[in-house]
Amino acid sequence: MQEIKIDLKRILIMVSIFGISLFGNNLTSQNITDEELIKSANIYKYSVKNIMNEDVDLKSYEGKVLLIVNVASKCGFTSQYEGLEKIYNKYKSEGFEILAFPCNDFGKQEPGTNEDIQNFCSTNFGITFQLFDKISVKGENKAELYKMLTDNPVTGKSKILWNFEKFLINKNGNVVKHFRSRTKPEGEKLTSVIEELIAK
């Protein structure tokens, strides 16, 4: 009888320790996840330069739904500028902004200066959304913003494969979704998510 009591005590102690351990792991895991979502997948901690070489704190876009896209003037997807301007005009009154970052990383399809890029966009597509300083989105010189966009707990770890890849950011500055180049700006696949984020 005494042996049974001792064994029972051991079992209860083991179950207790195991239960606390499990509970502790769950709490730790949850805390890490929340922290990563807030800190690792949020754009508000970054500052960038616009096409006029002026500093822009991305926290200034707080409360807006954003589409961040790497663009180029001599790409097979350059015609997407038209679709980008179309959705910008459609949703800008509802708190939607497009942040376009020219890059020359793919096929050297953005060789011009910031002034050249701005003139091209204005003349050919009547672009009115915000253009930014030309950056790199891959390799050793990859911009800090794009390091986060391509490696975060929401959209995962990935690479920018070509021009006109798109990232949607919610009103809190968190990365929500990553779309590849072939996703048309005005297509339902993208606009349905924009409308959902605007409505929240």
For Glu140, all conditions in the list (1) assigned to a loop (DSSP other than H, G, I, E, B); (2) of a type outside the set (S, T, N, Q); (3) touching a residue at least 60 places away in the same chain (Cβ under 8 Å) hold save one; what is the number of the exception?
(3)
Residues located in segment 159-194, provided they are assigned to a helix (DSSP H, G or I) and touching a residue at least 24 places away in the same chain (Cβ under 8 Å):
Leu190, Thr191, Val193, Ile194
Check on Leu161, surrounded by fewer than 17 Cβ atoms within 10 Å (Cβ to Cβ) and of a type in the set (A, V, I, L, M):
yes
Which residue is nearest to Glu196 (Cα to Cα), if the candidates are limited to segment 54-85 and must be in a helix (DSSP H, G or I) and charged (D, E, K, R)?
Glu85
If we keep only residues of segment 62-82 that are within 14 Å of Gly95 (Cα to Cα) and in contact with a strand residue (DSSP E or B) (Cβ under 6 Å, 6 or more places away or on another chain), then the residue surrounded by the fewest Cβ atoms within 10 Å (Cβ to Cβ) is Lys64
Every residue in segment 83-126 that is more than 22 Å from the chain's Cα centre (by Cα), crowded, with 18+ Cβ neighbours inside 10 Å and within 22 Å of Tyr61 (Cα to Cα), please.
none
Can you list residue pairs whose Cβ atoms sit under 7 Å apart, with the first residue in segment 26-55 being at pLDDT 50 or above and the second being in a helix (DSSP H, G or I) and among the charged types (D, E, K, R)? Count only pairs 6 or more apart in sequence or on different chains.
Tyr44/Lys59; Tyr46/Glu144
Do you know which of the residues in segment 91-113 that are touching a residue at least 60 places away in the same chain (Cβ under 8 Å) and not in a loop (DSSP other than H, G, I, E, B) is nearest to Gly187 (Cα to Cα)?
Tyr91
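The values are calculated or read from the model by the stated rules, or taken from the named source; none is laboratory data. As the structure is a computational prediction, the values presented were derived from the model and not from experiment. Positions of Cβ are backbone-derived with ideal geometry, glycine not excepted, and every protein chain shown enters the neighbour counts.
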